Amino acid sequence: MDGSLDVPLLSVRGLSKFYGPRIGCADVSFDLYPGEVLGIVGESGSGKSTLLSCLAGHLAPDTGEIIFQTIQGPRDTLTMTEPERRRLARTDWAFVHQNPRDGLRMGVSAGGNVGERLMAVGARHYGDIRATAIDWLGRVEIAADRIDDRPSAFSGGMQQRLQIARNLVTGPRLVFMDEPTGGLDVSVQARLLDLLRGLVREMGLSAIIVTHDLAVVRLLADRLMVMKSGHVVEQGLTDQVLDDPQHGYTQLLVSSVLQV
Amino acid sequence: MEDYNFAYLDEQTKRMIRRAILKGVAVPGYQVPFASREMPMPYGWGTGGVQVTAACLVPEDVLKVIDQGADDTTNAVSIRKFFQRTAGVAVTETTTQASIIQTRHRIPETPLTEGQILVYQVPIPEPLRFLEPRETETRKMHELEEYGLMHVKLYEDIARHGQIATAYAYPVKVEGRYVMDPSPIPKFDNPKLSGSAALQLFGAGREQRIYAVPPYTQVVSLDFDDHPFKASKAAHDCDLCGAAESYLDEVIIDDAGGRMFVCSDTDFCAHRRAAGHVGRLGEAA
């Protein structure tokens with residue numbers, strides 16, 4: 001999207017977060033290139049959600065730096081002022097929560113939910129906002145006549161798709177996803193994954209997806225990071241890591257998947 | 001009268017409130033927290049406005065109190081009596097003679113002049129409250145000028161009703177900076193907020209906030225490019241005085257569907273009738 005593919009969009013160095021004496025995540029470093037999807041897998045408590053929260057600016061890490069390639073050039077998001085970081089969070093970034101209720105305004109109609117980010121960056125034409133909202137509802141396979149319904153009238157899968165539409169409407173360059181398919185049944189999961197894969201490819205998005213579901217990363221992620229007890233134990237191309245796991249924990253993780 | 005300090009509140013309290021008012025005047029539209037006192041009336045009856053009025057009153061002041069435009073309703077009468085007893089100030093019903101006007105939910109029709117103070121009673125000072133329940137978050141939004149959410153409310157209005165259906169407490173932006181709740185005045189009154197010659201003070205007792213619009217301050221009602229703000233009123237003339245440009249109350253007069261529209265500003269209506277204007281159901285004075 002912004003031309004040079006050899007400059008990382010996001011560059012993380014030595015990121016650590018401690019909860020008192022306990023480790024949240026320790027010494028995490030990686031580069032994310034434009035258009036790339038990075039999966040972070042690990043069991044519960046392995047620090048993957050902590051890492052994602054630190055990256056998205058929801059938590060303040062104790063050490064490390066997060067260099068994001070903004071339109072104006074590389075900036076460390078940790079030393080940014082709060083207004084700058086919040087502006088970034090509603091323009092270039094998006095965050096998809098595991099529970100759509102955390103990411104949606106449940107008292108506001110679907111159209112209002114999608115339009116909120118547009119209005120937050122200055123859209124002031126009702127007709128345009130509504131047309132964009134209808135377009136985006138279509139892209140996430142929600143019928144246009146549901147635009148004035150509240151999310152509470154939607155099924156779980158629809159809510160999750162609405163949350164995705166709401167996040168992608170301003171054309172972000174980096175999307176953080178925390179277990180986007182958690183809590184959905186398998187057929188709905190499959191459709192959502194299909195949809196996500198299409199959107200990511202079509203828009204050239206970079207994404208960081210936290211999940212414990214190896215099938216999700218197999219489908220979506222180009223590269224994979226495996227975390228255990230706050231440390232990154234293995235990283236590499238997704239197929240490489242999943243088909244030829246080197247670390248003992250990764251081997252355990254891969255072999256734990258039930259074969260149907 | 002001697003049993004009370006002048007205007008009921010003690011001097012240190014009035015000093016504290018005046019400091020909040022000065023800060024509010026310095027930062028138009030910004031909600032200044034203040035240590036609201038218990039007043040001898042229930043919340044919702046104008047405890048915030050009464051405290052602001054008490055802090056502004058001097059013995060030479062002439063006080064007018066209105067409730068929904070009327071001088072003779074319970075809320076207006078009780079507050080007026082309260083200050084007559086505790087401050088001994090002169091009172092009036094005539095807008096042009098008053099130096100301080102405490103109001104609940106209206107701006108007088110007669111244009112205000114320099115030197116007058118208009119004190120509003122505010123139930124909920126935070127315009128973002130019904131969309132964002134967290135006080136920490138709304139403060140941050142004011143701090144960073146993140147007002148997109150206010151338009152989400154207007155969007156919802158149009159989506160549901162085909163037009164901006166918010167008819168009172170219509171959000172405004174003050175001097176291009178703070179979004180403010182103008183208290184539950186009808187949106188008909190919103191244009192009068194802007195560029196007013198009078199000092200406008202807002203007091204919210206329960207929520208402990210004071211804010212202000214200094215004279216000649218620009219106040220803009222929020223809207224969409226394709227759904228512009230429109231000050232609305234009932235499409236009638238006043239049935240008593242015939243005024244076409246004043247805000248009207250609808251009054252049901254019998255149980256056979258009969259109704260009349262009268263000026264909500266009783267002082268404005270009375271002066272017009274005294275000057276010989278007669279409406280559809282009025283009698284010549």
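The values are calculated or read from the model by the stated rules, or taken from the named source; none is laboratory data. Here the structure is a predicted model, which means the values were calculated and not measured. A quick note on method: Cβ atoms are made from the backbone with ideal geometry, for glycine too, and the neighbour counts reach across all protein chains shown. Please note that ligands, DNA and RNA were not included when accessible areas were found on the heavy atoms of the full protein model with its side chains. Shrake-Rupley method; radii C 1.70, N 1.55, O 1.52, S 1.80 Å.
Only the Cβ atoms of Lys and Arg (+1) and of Asp and Glu (-1) were treated as charged; on that basis the dipole of the stretch A:82-149 about its Cα centre amounts to roughly 220 debye. If R0 is 35 Å, the Cβ-Cβ spacing of A:A153 and A:V121 corresponds to a FRET efficiency of close to 0.80. Mind checking which of B:A165, B:A26, B:A76 has the largest fluctuation in a GNM of chain B, springs on alpha carbons under 10 Å? So, out of B:A165, B:A26, B:A76, the one fluctuating most is B:A165. With the simple spin-label model, which puts each label point 7 Å out from Cα in the Cβ direction, the B:E135 to A:D239 separation comes to 5.8 nm.
The number of Lys pairs in the protein assembly as shown with C-alpha atoms less than 21 Å apart, excluding pairs fewer than 8 positions apart on the same chain, is 22.
GluC sites (Glu not before Pro) within the stretch B:1-97: which are DSSP loop residues with at most 12 other Cβ atoms inside 10 Å? Mind showing how you got there, number by number?
Values: sites: B:E2, B:E11, B:E38, B:E60, B:E93; in loops: B:E2, B:E38, B:E60, B:E93.
For GluC sites (Glu not before Pro) across the stretch B:1-97 that sit outside H, G, I, E and B with at most 12 neighbouring Cβ atoms in 10 Å, the list reads B:E2, B:E38, B:E60.
Think of the stretch A:115-160 as having a plus end and a minus end, set by charges on the Cβ of Lys, Arg, Asp and Glu; of A:M158, A:A120, A:I134, A:A120 sits farthest toward the positive end of this dipole. Restricting attention to chain A, close to 55% of DSSP beta bridges with both partner residues there are antiparallel.
Rounded to the nearest 5, what % of the DSSP beta bridges within chain B are antiparallel ones?
Details: 22 of 38 bridges.
Counting DSSP beta bridges with both partners in chain B, the antiparallel share is about 60 percent.
Across the residues of A:113-125, average count of Cβ atoms on other protein chains within 10 Å?
Details: counts 1, 0, 6, 6, 1, 4, 9, 6, 1, 2, 5, 9, 4.
Counting Cβ atoms of other protein chains within 10 Å of each residue's Cβ and averaging gives 4.
The separation of the stretch B:37-55 from the stretch B:258-281, counted between C-alpha centres, amounts to 31 Å. When only alpha carbons are used to place a centre, the stretch B:135-188 and the stretch A:147-181 end up 25 Å from one another.
Estimate for me the total accessible surface buried between chains A and B (protein heavy atoms, probe 1.4 Å, no ligands or nucleic acids), in Å² to the nearest 100.
Details: alone 12090 and 13590 Å², together 23840 Å².
Counting protein atoms only, the buried area is about 1800 Å².
For peptide B:157-164, the mean count of partner chain Cβ atoms within 10 Å of a residue's Cβ comes to 3. Averaged over the residues of peptide A:81-87, the number of Cβ atoms from other protein chains lying within 10 Å of each residue's Cβ is 2.
In terms of accessible area, using a 1.4 Å probe and ignoring ligands and nucleic acids, B:R259, B:R19 rank largest first as B:R19, B:R259. Among the helices of chain A, those built from whole DSSP H runs whose Cα atoms reach 24 Å or more along their own axis and whose mean Kyte-Doolittle hydropathy is at least 0.0 are A:186-203. Taking label points 7 Å from Cα along the Cα-to-Cβ direction, A:V7 and A:E141 give a separation of 3.7 nm.
Computed on protein heavy atoms with a 1.4 Å probe, the accessible areas place B:W45, A:W136 in the order B:W45, A:W136, largest first.
With a Förster radius of 35 Å applied to the C-beta separation of A:E202 and A:E43, the computed FRET efficiency comes to 0.60. Pairwise Cα distances in the stretch B:21-138 exceed 19 Å in 49 percent of cases.
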